[in-house]
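The values are calculated or read from the model by the stated rules, or taken from the named source; none is laboratory data. Here the structure is a predicted model, which means the values were calculated and not measured. Positions of Cβ are generated from backbone atoms using ideal geometry, with glycine treated the same way; all protein chains shown enter the neighbour counts. Only protein heavy atoms, including side chains, enter the accessible area calculation; ligands, DNA and RNA are left aside. Shrake-Rupley method; radii C 1.70, N 1.55, O 1.52, S 1.80 Å.
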Amino acid sequence: MENKKTSEFDKVFSAWDILVIAFGAMIGWGWVVSSGDWITKGGVLGAALGFAIGGVMIFFIGLTYAELTAAMPQCGGEHVFSHRAMGPVGSFICTWAIVLGYVSVVCFEACALPTIITYIYPGFLKGYLYSVAGFDIYASWLAVAIIMSLLITYINIRGAKTAAVLQTVLTVIIGGVGILLIVASVVTGDTSNLDGQLFMGGDKLASFKAVIAVAVTTPFFFIGFDVIPQAAEEINVPLKKIGTMMLFSIVMAVTFYALVILAVGYVLNHTEIENAMSGSGLVTADAMAKAFNSSVMSKVLIVGGMCGIVTSWNSFMIGGSRAMYSMAESYMIPKVFAKLHPKYKTPINSLYLIGLLSCLAPLAGRRMLVWISDAGNFGCCLAYCMVSISFLILRKKEPDMPRPYKVGPYKFVGAMAVIMSGFMIVMYMIPNSGAALVWQEWAMAGGWCVLGAIFFVVCKLKYKEDFGSLVEVISDEDAAALQSSDEEINAALDAAIDAAINSVLEREYIGSLL
């Protein structure tokens, strides 16, 4: 069942906002904390190549998103695409999976921020409380996490434009710090540092496996471009340009990650990278310190990383709340989550829930949040695969649908997107693949599935035929035309009724005269 309505959201996002939201979501904290892992796993050039391969995988998926978002610019993104192609059940699975991914990142970032502050100020940890899975939790650590969770939630409630301004400022800082590292590495780096760490593995086959091992971990670091479709109703740019900006953000993210990896490997040799990993663990920060011969510059880079934490946090708060709103609009989860703030036009109850979860998450400690984020990554890849399938279905099912951004060889692009996203899902399931989920992460994903099943059954019973209804958003001009048509039909009906009544009265009058 489909209904039509005009959008209740304000159109506040510009083309620049789209770019910084997507790029900022993809460039989080990983480039600071994980570069050493990538290099030791695949080598300097191997890791950069692995990110390029991962970028190609994501780019094919991004192409399907670009076409579908321009064709159906409604809040909810994956929810709308999969509903149109697969119906309510497929849409529920797809959207519930992406919500898991978004919420998991929000919760993870709530723990990441105070952890970074600990690196900058070792004396920051005060008031030991308890330990979870070997991670010590302190009162000061919790306070920073919870206060920042409340602040991010408040900023998002205040309106999408406020969140976009924050995103712009922080993304510019990230870009500036990254460029500083890259330029400094060119000036102070040495090719001798690359000896023995261009590729890992004793032979070509082992090196190839090492590159693939890096490639299969990259989707988690590229998650974020798909936030844009969630807020499509709030974007104030030509529809074709939405897809172009989304794809450009992916290219920017791939380039950024690859250049950072090359910069680190050009500045630090293999031994220095291993020492950094066994020490602070922040290999990129140590590379920055060596490139400038100043420990202060490592702190500068960490500040850039902190900005990355907040940009990812902010972006996924936007995406998660809009995905929940779209499900509630279709009566798939309680309708209360479809409520918009009367002034700021933001999905306030969805934001409250995600904000509450981000406040509670730090209580579980950082180790448990790693499990949740890995499970969320699996959810995102599942949603990517379903969107890619929806892309192919809609090309067959609705070939005449207006597509402002239209992919050329759609069969090839769609097939590659399905294969790539399906490959990522399989890699999470195969033991010893380098990306396989551990049992704790399967438990997290299973628990989320159980919660989704409960919502599905309860809402199906409560809302009956309204369950799974898709609300189609139309433009104000189309709404005016429909209203005009309705008025014309009503006027014609009134005239017909009046004519019928007058005819009956005339007959009765004539009959009385006879």
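Annotation: residue 211 fulfils all but one of (1) in contact with a helix residue (DSSP H, G or I) (Cβ under 8 Å, 6 or more places away or on another chain); (2) within 27 Å of residue 444 (Cβ to Cβ); the unmet one is (2). Within this structure, residue 330 passes the test of being surrounded by 21 or more Cβ atoms within 10 Å (Cβ to Cβ) and over 26 Å from residue 30 (Cβ atoms). What are the residue pairs meeting all of these: first residue in region 183-205, first residue of a type in the set (Phe, Trp, Tyr), second residue assigned to a helix (DSSP H, G or I), Cβ atoms under 7 Å, and 6 or more apart or on different chains? Partner pairs satisfying both residue conditions: 199/45; 199/46; 199/207; 199/210. Looking across region 155-171, the residues that are in contact (Cβ under 8 Å) with a residue 40 or more places away in the chain and of a type outside the set (S, T, N, Q) come down to 155, 157, 158, 159, 160, 161, 163, 164, 166, 170.
Only helices (runs of 4 or more DSSP H) whose full extent lies in region 27-129 are considered here, and the ones with at least 3 residues that are under 22 Å from the mean Cα position of the chain (by Cα) are 30-33, 44-71, 78-120. A search for C-beta distances below 9 Å between a residue of region 409-432 that is part of a helix (DSSP H, G or I) and any residue that is among the charged types (D, E, K, R) and buried (at least 16 other Cβ atoms within 10 Å of the Cβ), counting only pairs 6+ apart in sequence or on different chains, returns 410/67; 410/395; 411/395; 413/67; 414/395; 428/374; 428/441.
Do you know which of the residues in region 391-404 that are open to solvent by less than 40 Å² (accessible area, probe 1.4 Å) and under 24 Å from the mean Cα position of the chain (by Cα) is farthest from residue 67 (Cα to Cα)? Selected residue: 394. Based on what the data block shows, is residue 460 part of a helix (DSSP H, G or I), exposed (fewer than 13 other Cβ atoms within 10 Å of the Cβ) and charged (D, E, K, R)? No: the conditions fail for residue 460. Residue 164 fulfils the conditions (1) open to solvent by less than 30 Å² (accessible area, probe 1.4 Å); (2) assigned to a helix (DSSP H, G or I); (3) closer than 17 Å to residue 59 by Cβ except for a single criterion, (3). Among the residues of this structure, residue 324 counts as one that is at pLDDT 90 or above, touching a Pro at 6+ places or on another chain (Cβ under 8 Å), open to solvent by 10 Å² or more (accessible area, probe 1.4 Å) and in a helix (DSSP H, G or I).
If you filter region 337-381 down to residues that are among the polar types (S, T, N, Q) and in contact (Cβ under 8 Å) with a residue 40 or more places away in the chain, you find that the one that is surrounded by the most Cβ atoms within 10 Å (Cβ to Cβ) is 358. With respect to (1) in contact with a strand residue (DSSP E or B) (Cβ under 8 Å, 6 or more places away or on another chain); (2) at pLDDT below 85; (3) surrounded by fewer than 15 Cβ atoms within 10 Å (Cβ to Cβ), the lone exception for residue 139 is condition (2).
So that you can scan it fast, the table gives a plain yes or no per residue for (1) closer than 30 Å to residue 18 by Cβ; (2) polar (S, T, N, Q):
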site	(1), (2)
163	yes, no
181	yes, no
184	no, no
203	no, no
230	yes, yes
259	yes, no
276	no, no
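Candidates 263, 231, 253: the one that is more than 30 Å from residue 71 (Cα to Cα), open to solvent by less than 30 Å² (accessible area, probe 1.4 Å) and of a type in the set (Gly, Ala, Ser) is 263. Restricting the search to region 125-153, which residues are of a type in the set (Val, Ile, Thr) and more than 21 Å from residue 348 (Cα to Cα)? Scanning region 125-153 gives 132, 137, 144. Take the conditions (1) under 23 Å from residue 12 (Cα atoms); (2) open to solvent by 10 Å² or more (accessible area, probe 1.4 Å); (3) not small (Gly, Ala, Ser); residue 303 misses just one of them, which is (1). Count, please, the residues in region 305-354 that happen to be among the β-branched types (Val, Ile, Thr) and out of contact with any Gly (no Cβ under 7 Å at 6 or more places or on another chain). Selection size over region 305-354: 5.
The lone criterion from (1) in contact with a Phe, Trp or Tyr (Cβ under 7 Å, 6 or more places away or on another chain); (2) open to solvent by less than 10 Å² (accessible area, probe 1.4 Å); (3) more than 30 Å from residue 359 (Cβ to Cβ) left unmet by residue 102 is number (3).
Yes or no, residue by residue, for (1) among the aliphatic types (A, V, I, L, M); (2) modelled with pLDDT under 85:
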site: 56; (1), (2): yes, no
site: 64; (1), (2): no, no
site: 77; (1), (2): no, yes
site: 81; (1), (2): no, no
site: 87; (1), (2): no, no
site: 93; (1), (2): yes, no
site: 102; (1), (2): no, no
site: 106; (1), (2): yes, no
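Pairing each residue of region 3-20 that is among the β-branched types (Val, Ile, Thr) with any residue that is modelled with pLDDT of 55 or more and open to solvent by 40 Å² or more (accessible area, probe 1.4 Å), provided the two are 6+ apart or on different chains, yields C-beta distances under 6 Å for 12/161. Exactly one residue out of 329, 272 is more than 29 Å from the chain's Cα centre (by Cα) and of a type in the set (D, E, K, R), and it is 272.
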